[in-house]
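Chemist: Okay, handing you the structure first.
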Ligand SMILES: Nc1ncnc2c1ncn2[C@@H]1O[C@H](COP(=O)(O)OP(=O)(O)OP(=O)(O)O)[C@@H](O)[C@H]1O
Ligand SMILES: [Mg+2]
């Protein structure tokens, strides 16, 4: 079976498609022999798109899991009151559990709220409980309302966990929670669903990112765009892919995440796709995407 051309990471040029598949499968089954490079400094990525259901949570959780199986310590901060990332990682998030809400209020430290996921000892999650639903309004009247997550994600706090990567899973809005995520991160990762209207609303997202850059976080950059739910049977998916690549260029990962029932089933079992079906196209594509992100980070570090 030929992987879609856009799913080819370009690293294995010269290999036949079957050899490529075999190499990918070997990486899943023996991740210890395919360590990914550790970033020179900790990378904090905000996964944002105010459009709902584009694959923010699925990408945050599965990219984090893919980095974790390759030996990189990774933290997922669930910043969405829906708590989907906590569900997918099977981390306790009943009301009352120490969560990102208490972290934002300054009542508990990040390390105290972080739970180790069953998926991997390298994978942590700060869960979101339903209490976070009120935070958007409660934050309005608080001091330093935009920088509360950044304050909680201090080097000392993350040092306690010793993580190399942090993924912040945002809710589908551009409210104060998403602003907190953008202020706390160096990078924005935007998942874009390969479907009609995919680019709608992106202008608004980008101008919000610019505002945060200008006023709150000079370091912030859109480092990564990930195309999700690619359906190779439709012309539309290719058109959207091309349009996004033409518009955003190198920021777009070469790897594209295919639409796959397995990917959507995994959270129902409290599992990432890597645990649920490690040999599936969904798992392999998230592994490829994670590898691209890790390798790019090192290259970007060399440029500085
Ligand atoms: N590659 C995929 N193939 C099939 N289904 C997918 C894929 N990625 C995500 N989904 C499904 O699409 C739905 C939306 O995905 P997800 O929850 O990751 O999006 P989101 O952007 O986080 O949504 P929200 O804006 O509500 O937070 C989920 O039901 C998920 O299981
Ligand atoms: Mg989500």
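The values are calculated or read from the model by the stated rules, or taken from the named source; none is laboratory data. Predicted model only: the values in this text are computed from it and were never measured. Here the Cβ is made from the backbone with ideal geometry for all residues, glycine too, and neighbour counts use every protein chain on show.
Chemist: Residue under question is residue 87, and the condition is that it be within 16 Å of ligand 1 (Cβ to nearest atom), crowded, with 20+ Cβ neighbours inside 10 Å and at pLDDT 90 or above; does it hold?
Modeler: The answer is no for residue 87.
Chemist: A further question on this structure: Just a yes or no: is a residue in the stretch 124-134 in a loop (DSSP other than H, G, I, E, B) and more than 13 Å from ligand 1 (Cβ to nearest atom)?
Modeler: Yes: the stretch 124-134 contains one or more residues that are in a loop (DSSP other than H, G, I, E, B) and more than 13 Å from ligand 1 (Cβ to nearest atom).
Chemist: Let me ask another. Those residues that are more than 16 Å from ligand 1 (Cβ to nearest atom), assigned to a helix (DSSP H, G or I) and surrounded by 18 or more Cβ atoms within 10 Å (Cβ to Cβ), I need them from the stretch 90-110; list them, please.
Modeler: Of everything in the stretch 90-110, those that are more than 16 Å from ligand 1 (Cβ to nearest atom), assigned to a helix (DSSP H, G or I) and surrounded by 18 or more Cβ atoms within 10 Å (Cβ to Cβ) turn out to be 101, 102, 103, 104, 110.
Chemist: Determine which member of the set 263, 179 is part of a helix (DSSP H, G or I), more than 16 Å from ligand 2 (Cβ to nearest atom), at pLDDT 95 or above and within 17 Å of the chain's Cα centre (by Cα).
Modeler: 179
Chemist: Another one. Among 209, 168, which is the only one that is outside any helix (DSSP H, G or I) and either farther than 30 Å from residue 131 by Cβ or at pLDDT 95 or above (or both)?
Modeler: Exactly one of 209, 168 is outside any helix (DSSP H, G or I) and either farther than 30 Å from residue 131 by Cβ or at pLDDT 95 or above (or both), namely 168.
Chemist: On to the next question. Here's a check for you: in the stretch 53-84, which residue that is out of contact with any strand residue (DSSP E or B) (no Cβ under 8 Å at 6 or more places or on another chain) and within 19 Å of residue 256 (Cα to Cα) is nearest to ligand 1 (Cβ to nearest atom)? Walk me through how you get there before you give the answer.
Modeler: Of all residues in the stretch 53-84, those out of contact with any strand residue (DSSP E or B) (no Cβ under 8 Å at 6 or more places or on another chain) come to 62, 66, 69-71, 81-83.
Narrowing further to those that are within 19 Å of residue 256 (Cα to Cα): 62, 66.
Numbers: 62: 9, 66: 14 Å.
Here the answer is 62.
Chemist: Right, another one. Would you point out the residue of the stretch 271-304, among those that are assigned to a loop (DSSP other than H, G, I, E, B) and modelled with pLDDT of 95 or more, that is farthest from residue 230 (Cα to Cα)? Spell out the reasoning first.
Modeler: Of the residues in the stretch 271-304, the ones assigned to a loop (DSSP other than H, G, I, E, B) are 271-272, 277-280, 304.
Checking which are modelled with pLDDT of 95 or more leaves us with 271-272.
Working: 271: 21, 272: 19 Å.
Taking the candidates together, the pick is 271.
Chemist: From the list 294, 237, 289, 275, which residue is under 19 Å from the mean Cα position of the chain (by Cα) and within 26 Å of residue 197 (Cβ to Cβ)?
Modeler: Values: 294 fails: within 26 Å of residue 197 (Cβ to Cβ); 237 fails: under 19 Å from the mean Cα position of the chain (by Cα); 275 fails: within 26 Å of residue 197 (Cβ to Cβ).
Matching residue, one of 294, 237, 289, 275: 289.
Chemist: Can you name every residue in the stretch 214-256 that is without any contact (Cβ under 8 Å) to a residue 24 or more places away in the chain, under 24 Å from residue 150 (Cα atoms) and either within 16 Å of ligand 1 (Cβ to nearest atom) or in contact with a strand residue (DSSP E or B) (Cβ under 8 Å, 6 or more places away or on another chain) (or both)?
Modeler: Answer for the stretch 214-256, where residues must be without any contact (Cβ under 8 Å) to a residue 24 or more places away in the chain, under 24 Å from residue 150 (Cα atoms) and either within 16 Å of ligand 1 (Cβ to nearest atom) or in contact with a strand residue (DSSP E or B) (Cβ under 8 Å, 6 or more places away or on another chain) (or both): there is none.
Chemist: If I filter the stretch 34-70 down to residues being farther than 29 Å from residue 205 by Cα and in contact with a helix residue (DSSP H, G or I) (Cβ under 8 Å, 6 or more places away or on another chain), which single residue comes out as nearest to ligand 2 (Cβ to nearest atom)?
Modeler: 69
Chemist: Would it be correct to say that residue 223 is surrounded by 18 or more Cβ atoms within 10 Å (Cβ to Cβ), outside any helix (DSSP H, G or I) and under 18 Å from the mean Cα position of the chain (by Cα)?
Modeler: yes
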